[in-house]
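Take a look at the structure set out below.
All of the numbers you see were taken from the coordinates with simple rules; none came from a lab. Remember, it's a predicted structure, so these values are computed and weren't measured experimentally. Don't worry about glycine lacking a Cβ; one is built from the backbone with ideal geometry, like all the others, and counts go over all protein chains shown.
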Amino acid sequence: DGGITQSPKYLFRKEGQNVTLSCEQNLNHDAMYWYRQDPGQGLRLIYYSQIVNDFQKGDIAEGYSVSREKKESFPLTVTSAQKNPTAFYLCASSQIGRTSTYTQYFGPGTRLTVL
Amino acid sequence: GQNIDQPTEMTATEGAIVQINCTYQTSGFNGLFWYQQHAGEAPTFLSYNVLDGLEEKGRFSSFLSRSKGYSYLLLKELQMKDSASYLCAVPYGGATNKLIFGTGTLLAVQP
């Protein structure tokens, strides 16, 4: 089955530690995205990538880093510089094109709690 | 800039009809998405409107008025499993396909 997987589903980390969230897709989508969701707020874009070896900051990139070494994979690292990292993290992917808008499809999410 | 407004919460009765509204402001309109999100789960795609009018998909319909910057999601024959957040989103950034999301409307369906 085609889809997007994220692991782990729940993650706990101590303050001051970096942690990497996994996102893999087998939909052959060019674009991938990372969002953060907090209670009472909409999804906010952290980073996005339209092609391998290239990525762009979203609206709240501070304290996060990403890589895109393979089309299928877009891991997100939450660094110790992120002041409030406890949140629900969602990865998405889509096709891209100059003249059309494409639907983004989401993975199941990772809930990160900083202790 | 971009801005989206949705009501925070709504309550409806099983079997009834409910309309969830969304107003938006965006430069360079390129369609509007509706997603459903159950608590603790990922958003799932419901509909995409780019032209004015009503599009029906089974129990769910979505309406768009570009001149008014307004959309609504209509849910008919409500079921308990329809209790969820409904997210309105519009693209921005041209070919980047980025989305800006509203805060979502939490719908509670009561027996």
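Here are the numbers for this structure:
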{"read-out": "Most positive-pole-ward Cα, A:Gly63, A:Gln25, A:Leu45, against dipole of chain A from beta carbon charges", "value": "A:Gly63"}
{"read-out": "Near-label residues of the stretch B:87-105 by backbone N, under 16 Å of a point 7 Å along Cα→Cβ of A:Leu27", "value": "B:89-91, B:96-100"}
{"read-out": "Projected label distance in nm at A:Asn18 and A:Arg111, using a 7 Å step from Cα toward the beta-carbon", "value": "2.7 nm"}
{"read-out": "Pairwise FRET efficiency - B:Thr11 versus A:Ser80, Cβ, R0 = 45 Å, nearest 0.05", "value": "0.60"}
{"read-out": "Cleavage-rule hits (GluC sites (Glu not before Pro)) in the stretch A:48-115: DSSP loop, at most 14 neighbouring Cβ within 10 angstrom", "value": "A:Glu62, A:Glu69"}
{"read-out": "The stretch A:45-100 and the stretch B:1-29: distance between their alpha carbon centers, rounded to Å", "value": "27 Å"}
{"read-out": "Value of relative contact order over chain B, rounded to a whole percent, pairs C-alpha under 8 Å and six or more apart", "value": "37 percent"}
{"read-out": "Normalised per residue, the volume of the convex hull around the Cα set of chain A (Å³)", "value": "104 Å³"}
{"read-out": "Average beta-carbon neighbours from other chains, 10 Å sphere, peptide A:91-101", "value": "3"}
{"read-out": "Neighbour-limited loop hits for trypsin sites (Lys or Arg not before Pro), the stretch A:1-63 (at most 12 other Cβ within 10 Å; DSSP other than H, G, I, E, B)", "value": "A:Lys9, A:Lys14"}
{"read-out": "Inter-probe distance in nm under a simple model that places probes 7 Å from Cα toward Cβ, at B:Ala108 and B:Val50", "value": "3.9 nm"}
{"read-out": "B:Gln79 versus A:Asp54: modelled label distance in nm, points set 7 Å from Cα along the beta carbon direction", "value": "4.4 nm"}
{"read-out": "Stretchable slack from B:Ser65 to B:Ala95, in nm (0.36 nm times residue separation minus alpha-carbon distance)", "value": "8.5 nm"}
{"read-out": "Per-residue average of Cβ from other chains inside 10 Å of B:87-100", "value": "5"}
